[in-house]
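Reviewing the structure listed below.
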Amino acid sequence: CHDSKGELHEFGSRWKTEDCYDCSCSREGISCCNSFATPTDYDKEKCVSVFNKETCTYKVVEKDDDSKECPVYGWVA
């Protein structure tokens with residue numbers, strides 16, 4: 001299988017992209033899905049979600065003070 005960057009992957013192989021997607025290669029082709037949960041239910045007027053590519057996680061913080069985390073009531077994986 002050739003991925004979107006043109007890299008060749010063997011059948012049966014698995015890898016994680018730099019954008020935190022888990023991918024696999026089979027004879028049917030490449031399949032990728034996100035490996036992180038996305039916050040959906042939080043105060044969007046007061047807070048903002050920030051994605052960390054190193055840890056593949058979201059953090060929801062106040063727009064005016066990113067040292068203060070906001071409560072999240074719903075996530076989608």
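The values are calculated or read from the model by the stated rules, or taken from the named source; none is laboratory data. This is a predicted model, so every value here is computed, not measured. When we count neighbours, we look across all protein chains shown, and the Cβ atoms used for this are built from the backbone with ideal geometry, even at glycine. To get the accessible areas, we keep the full protein, side chains included, count just its heavy atoms, and leave off ligands, DNA and RNA. Shrake-Rupley method; radii C 1.70, N 1.55, O 1.52, S 1.80 Å.
Of all residues in the range 6-24, those that are aromatic (Phe, Trp, Tyr) have Cβ atoms under 7 Å from Cβ atoms of residues that are open to solvent by less than 100 Å² (accessible area, probe 1.4 Å) and in a loop (DSSP other than H, G, I, E, B), 6 or more apart or on another chain, in 15/9; 21/35.
Screening 25, 33 for residues that are of a type outside the set (Gly, Ala, Ser), part of a strand (DSSP E or B) and at pLDDT below 95 leaves exactly one candidate, 33. In the range 15-32, how many are among the basic types (Lys, Arg) and either over 23 Å from residue 58 (Cβ atoms) or assigned by the TED database to the domain that holds residue 53 (or both)? So the count comes out to 1. Of all residues in the range 8-31, those that are open to solvent by 100 Å² or more (accessible area, probe 1.4 Å) and under 23 Å from residue 54 (Cβ atoms) total 3.
Restricting the range 50-64 to residues that are open to solvent by 70 Å² or more (accessible area, probe 1.4 Å) and either assigned by the TED database to the domain that holds residue 9 or outside any loop (DSSP other than H, G, I, E, B) (or both) leaves a set whose member that is farthest from residue 1 (Cα to Cα) is 59. Among the residues of the range 32-49, those that are surrounded by 11 or more Cβ atoms within 10 Å (Cβ to Cβ), of a type outside the set (Ser, Thr, Tyr) and within 30 Å of residue 68 (Cα to Cα) comprise 34, 36, 37, 39, 41, 43, 44, 46, 47, 48. When the criteria are applied in full, residue 46 fails the requirement of being closer than 30 Å to residue 9 by Cβ, of a type outside the set (A, V, I, L, M, F, W, C) and touching a residue at least 24 places away in the same chain (Cβ under 8 Å).
Among the residues of this structure, residue 67 does not count as one that is part of a strand (DSSP E or B) and without any contact (Cβ under 8 Å) to a residue 12 or more places away in the chain.
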